[in-house]
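Take a look at the structure set out below.
The values are calculated or read from the model by the stated rules, or taken from the named source; none is laboratory data. Quick caveat: nothing in here was measured; it's all calculated off a predicted structure. FYI the Cβ positions are ideal-geometry reconstructions off the backbone, even for glycines, and counts take in every protein chain you see.
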Amino acid sequence: MRSRPVLTVLAATVGVVGVVVVVAGCAADVGPRMTEQRDTPDARAVELMGSGSVRIEHGEVASLSVTAGERAMAHLVDEVHDGVLRLGVAPGRHRVGRVEWTVVLPELRAVSVRGSGDVLARGATGERLTVTVMGSGDVRVDDVDVQDVSVAIRGSGDVVLAGVTDRQQVSIEGSGDYRGADLSSATAVVTVRGSGDTWVHVVDELEVSVRGSGDVTHTGGAAVVQDVAGSGGVRGR
């Protein structure tokens, strides 16, 4: 089991959902910092491309702003494709320094990180929340209240969820950990293909498949069906 610092979610104003992204570039003179309002996104999901930090909160009216060096603004990209707001830096060798995006969305259905960026979120309600990490980025979402949760980790990034859900499905391929002990669910299906560890709280039924060295630790007293091949194990508390 790896020991890594757990992200701390920034305090959120009640009733407001926002996303803050910090993108680190090479040390450069990008000019004085400024804040620029961007087009209002018609989105229900956020995808961070590359490095940075994201904070997500809930609100009635969507908005998007970015704070960065004046000369970095032209290289910062925000695009919406099929309801997904994609944030990042334009292709090329651009030096952008520290960048902070702030996004307000009425509904959050999915969070995705492709790279080393981090996401810190508060407030996800509705039918489904999907979290995907490809790379070393970390994701944390608090105050989850949805029917279904789906988590996919492909790499070394960690995912931390807290709240309630009816069902959760977790898939790990790599060394990333899933920390869902504070996400209460009725049922869960966990599949581990690698060294990543998993913590879940399940009260009715838990199905586990492990192929590798990852451990699955569960609380809640659920009935367990397990299939383990390798050095990983399933442990109840």
Among the residues of region 193-213, the number that are in contact with a Lys or Arg (Cβ under 7 Å, 6 or more places away or on another chain) and buried (at least 24 other Cβ atoms within 10 Å of the Cβ) is 0
All positions within region 66-93 that are in contact (Cβ under 8 Å) with a residue 24 or more places away in the chain, under 16 Å from Met49 (Cβ atoms) and either out of contact with any strand residue (DSSP E or B) (no Cβ under 9 Å at 6 or more places or on another chain) or of a type in the set (Lys, Arg) (or both) | Arg86
Can you work out which of the residues in region 86-117 that are crowded, with 23+ Cβ neighbours inside 10 Å and not in a loop (DSSP other than H, G, I, E, B) is farthest from the chain's Cα centre (by Cα)?
-> Val99
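Condition check ((1) among the aromatic types (Phe, Trp, Tyr); (2) surrounded by fewer than 24 Cβ atoms within 10 Å (Cβ to Cβ); (3) under 25 Å from Ser51 (Cβ atoms); (4) not assigned by the TED database to the domain that holds Trp101) across all residues:
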{"residue": "Thr130", "(1), (2), (3), (4)": "no, yes, yes, yes"}
{"residue": "Ser136", "(1), (2), (3), (4)": "no, yes, yes, yes"}
{"residue": "Arg154", "(1), (2), (3), (4)": "no, yes, yes, yes"}
{"residue": "Gly157", "(1), (2), (3), (4)": "no, no, yes, yes"}
{"residue": "Gly163", "(1), (2), (3), (4)": "no, yes, no, yes"}
{"residue": "Asp166", "(1), (2), (3), (4)": "no, yes, no, yes"}
{"residue": "Gln169", "(1), (2), (3), (4)": "no, yes, no, yes"}
{"residue": "Gly174", "(1), (2), (3), (4)": "no, yes, yes, yes"}
{"residue": "Ala181", "(1), (2), (3), (4)": "no, yes, no, yes"}
